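The values are calculated or read from the model by the stated rules, or taken from the named source; none is laboratory data. For clarity, every value in this text was computed on a predicted model and none was experimentally measured. Note that we place each Cβ from the backbone using ideal geometry, even for glycine, and neighbour counts take in every protein chain shown. Protein only, heavy atoms only, side chains kept; ligands, DNA and RNA dropped before computing areas. Shrake-Rupley method; radii C 1.70, N 1.55, O 1.52, S 1.80 Å.
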Amino acid sequence: MSPNMKAAIALLLMLFGSHLLVHGTADGLHYDYSASTECKSHSEPALYQGGILTESTRQTEVKNFRTENGASSPGFVLSNLTAGTIYSFSCWVQIKGRDSALIKAKLNTASGTTCIGTTLARSHCWSFLKGGFVLDSPSLSSLLYFKASDQNNTTILVKSASLQPFSQEQWNQHREDSIQKRRKRFITVHVSDAQGNRVRGANVSAQQLSKDFPLGSAIASTILGNKPYQDWFAERFNAAVFENELKWYATEPQQGKLNYTLADGMLEFVRAHQISVRGHNIFWEDPKYTPSWVRNLTGDALKGAVNSRIRSLLRRYKGDFVHWDVSNEMLHFNFYEERLGPNATLEFFQTAKQADPLTTLFMNDFNVVETCEDDNASVDNYVVRLRQLMQGDEGMLQGIGLEGHFGKPNIPLMRAVLDKLATLKLPVWLTEIDISRNLGLQNQAAYLEEVLREGFSHPSMHGIILWTALDKSGTCYQMCLTDTNFHNLPTGDVVDKLLKEWQSRDIKGQTNVHGSYSFSAFLGEYEVSVSSGNATKRVTFSLDGSQETKHINVQL
């Protein structure tokens, strides 16, 4: 810990004294998924009544505490933080001296300083910051403070701060509770005879025919003609995305010379196995991945080329792709708007919707959910861009894509980001999940499991795609699930374990004295078989996300 930070902690201990914190837990406490992305005239009460922070609803301003860039920041000295505990942090923030600024909540311990949450704060209203952290080792004394990114002489005001610790068991229980509520549904099968009499002791079994929740992976053209790869993939996944084969540089490397051969072959494979597929992508804002001939166009020539690209792609594949990533990574790059003006992206969405009205149009970007260190990709900056497109003609933007290229994931931060994005009431997808290869195979597997469990359990999540396509050399972008012979790596074992866990299996029982048998099952398509004596009947039905119990009446 730096001398400046030690001095700041000493100052805050003197200012705040013993009210700054005693560590504690709350058995059975439910996680609060609420969040706000609106700037409000008044702050709201602290979550969890402040958790282990006290006096958390009063405004705290420490004018003589300065961060690295000269901003004035309140701060909290945290005592006796424990390793492995999941800490959820939230507060309301306002600034003075600037109209607006990106504010980061940062935690300084003996191990260093990390970002634990962000918000886009303003001078005339209060903005909600939500995040969190998990420590690898205990910390006797830590400083939680706030930093205005690239803004000097900014005074930061904080109200309703909360720091709530959860054990791993509590956190896992939150996930299970959410899965039961969002991913499963109760079913009651009522069995009667031809006269309407209840049949007691009838044998009931149910088989899940398909899953409602899309979980899949990227594929590359290496899957074409590769039956072991095809069999391995189709046995597991109900969703896919093409890694590179639909990108503009792949389909039109030279102007006017279109080639959809690889994409057509891959589409034939997913169709044959009833796998839904995302379209990735129409435009990639990074100039490095824009065709060289496009980079040389300007004005009407460029506008004509982009319109031709949209219409050619979406009319050819009309109805084939459930989603299209219209503008990829536009938080980080702005190739098209820089050349065609600030309304270019909105026009892309409008043209795409006209070409294929039934597809769902997405933005897609990285570092929104992976970290809060990337100023360009803060969740609030993403919300601003998403809202701009949602307010366009008939709300052309309809989905939020989060790439999810993780190093070591910060799971409470991930959940907090999803909480904030959920306020937009749009489908959220994890679109390119992987874990850095630099962490090693075992850590990749452990961190992948945490990310997948967090994603699957979150109420806002509508689908998950892994970024694990095999290339010609048998490697992947960052993370593979198998070796070249399609034997599972540790990451593949995790995926197989979760696929089994998130599927209804071995549902068998007998009707009670009321002629009924009840069970809970994951959403999807089912076949129920009922037998009593020599009579047997099978019924198929769909289990959707309604909160009501599904009642199935079977007459033998």
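Quick one: net charge around Ser205, please, counting Lys, Arg +1 and Asp, Glu -1 for every other residue with C-beta under 13 Å from its C-beta. After counting each charged neighbour, the total is +2.
Accessible surface for the chain, divided over its residues, is 42 Å² per residue with a 1.4 Å probe.
Here Gln254 and Val322 are evaluated by their C-beta separation; at R0 = 41 Å the FRET efficiency comes out at 0.85.
Straight-line cross-link reach from Lys104 at under 26 Å between alpha-carbon atoms covers these lysines, not counting any fewer than eight positions away in the same chain: Lys6, Lys40, Lys63, Lys96, Lys130, Lys147, Lys159, Lys408, Lys420, Lys425.
On region 114-179, 46 percent of the accessible area sits on carbon and sulfur atoms, based on a 1.4 Å probe. Among the cysteines of the chain, Cys91 have no other cysteine beta carbon within less than 4.7 Å of their own. When you restrict to C-alpha pairs under 8 Å that are six or more residues apart and normalise by the size of region 375-486, the relative contact order lands at 24 percent. Within region 449-468, whose backbone N sits under 16 Å from a point 7 Å along Cα→Cβ of Ser520? Within reach of a label on Ser520, which here means backbone N under 16 Å from a point 7 Å along Cα→Cβ, region 449-468 contributes 457-459.
A Förster radius of 25 Å, combined with the Cβ-Cβ distance separating Trp293 from Gln354, puts the computed FRET efficiency at roughly 0.50.
In this simple spin-label approximation, His487 and Ser312 carry label points 7 Å from Cα along the Cα→Cβ vector, and these lie 4.5 nm apart. When +1 charges are put on Lys and Arg Cβ atoms and -1 charges on Asp and Glu Cβ atoms, the dipole computed for region 124-246 relative to its Cα centre reaches about 560 debye.
The equivalent ellipsoid of region 274-320 has semi-axes of 24, 14, 6 Å, largest first, where each one is the square root of 5 times an eigenvalue of the Cα gyration tensor.
The share of Cα pairs per 10 Å bin across region 379-523, counted from zero up to the longest distance, runs 10, 32, 27, 19, 9, 2, 0 percent. Going 7 Å from the Cα of Gln168 toward and past its Cβ, which residues in region 409-447 have a backbone nitrogen under 12 Å from where you end up? Taking a point 7 Å out along Cα→Cβ of Gln168, the residues of region 409-447 whose backbone N falls under 12 Å are 446-447. For region 404-542, which whole percent of the accessible surface, found with a 1.4 angstrom probe, sits on carbon and sulfur atoms? The value for region 404-542 is 46 percent carbon and sulfur by accessible area.
Between Glu548 and Glu501, the contour length at 0.36 nm per residue exceeds the Cα-Cα span by 14.6 nm. Here r is the Cβ-Cβ distance between Ala110 and Ser436 and R0 is 22 Å; the resulting FRET efficiency, rounded to 0.05, is 0.35. Orientation-averaged projection of the chain equals 29.6 nm² [convex hull of Cα atoms, one quarter of hull surface area]. The mean sequence distance of close C-alpha pairs (under 8 Å, at least 6 residues apart), as a share of the length of region 113-259, puts its relative contact order at 11 percent. Once you reduce region 163-190 and region 79-134 to the center of their Cα atoms, the two points are 27 Å from each other. The Rg/Rh ratio of region 149-300, with Rg taken over Cα atoms and Rh as the Kirkwood radius over Cα pairs, comes to 1.20.
Taking every C-alpha pair closer than 8 Å and separated by at least 6 residues, the mean separation divided by the residue count of the chain gives a relative contact order of 19 percent. The stretch between Ser41 and Leu556 holds 179.1 nm of extra length on full extension. This uses 0.36 nm per residue minus the Cα-Cα distance. Straight-distance candidates among the lysines for linking to Lys537, with alpha-carbon spacing under 16 Å and chain neighbours fewer than 8 residues away dropped: Lys508.
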